[in-house]
Amino acid sequence: MTLTRAWFALLALSALSTLLAISGLSGLVLAAGVLLLAFVKAQVILWHYLELVHAPFWRRGFSMVLAIYMLILLGLAAAG
């Protein structure tokens, strides 16, 4: 994926985040959707802008830390 395609992917994911936010959903469903889209956007940035696509060890490490963080946030959303 080129940087231009990555940028367009980020634009599309941001538009989806906006649509999800104005959809009228609330609670855990909204939190899960927003966190999922944020996770995918972070992956696009890590892989293509920071070029971790060429560094599998670091890519896995960052992805794992990010996934754990997102799960903690989802747990907090479920508890609240």
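Only the coordinates and a few stated rules stand behind these numbers; no lab work does. Note that the structure is a prediction, hence the values are computed from the model and not measured. Cβ placement follows ideal geometry from the backbone for every residue including glycine, while neighbour counts extend to all protein chains displayed.
Given the options Leu50, Leu30, Leu13, which has the most mean-square fluctuation in a GNM of the chain, springs set between C-alpha atoms less than 10 angstrom apart?
Per the Cα network of the chain with a 10 Å cutoff, Leu50 tops the list.
Quick check: net charge around His48, other residues with Cβ under 12 Å of its Cβ, Lys/Arg +1 and Asp/Glu -1?
It works out to a net charge of +2.
Pop out the ³J(HN,Hα) list for the range 59-72 in order, Karplus 6.51 cos²θ - 1.76 cosθ + 1.60 with θ = phi - 60°, rounded to Hz; leave Gly and Pro as x.
Rounded to whole hertz, the list is 4, 4, x, 4, 5, 5, 4, 5, 5, 4, 4, 5, 5, 4.
Quick one: plug the Kirkwood hydrodynamic radius of the chain (C-alpha pairs) into Stokes-Einstein at 25 °C, 0.890 mPa s, and report D in µm²/s.
Estimated diffusion coefficient is 181 µm²/s.
Can you tell me, using C-alpha contacts under 8 Å and at least 6 residues apart, the relative contact order of the chain as a whole percent?
On the way: 43 pairs, mean separation 28.1, N = 80.
Worked out over the chain, it gives 35 percent.
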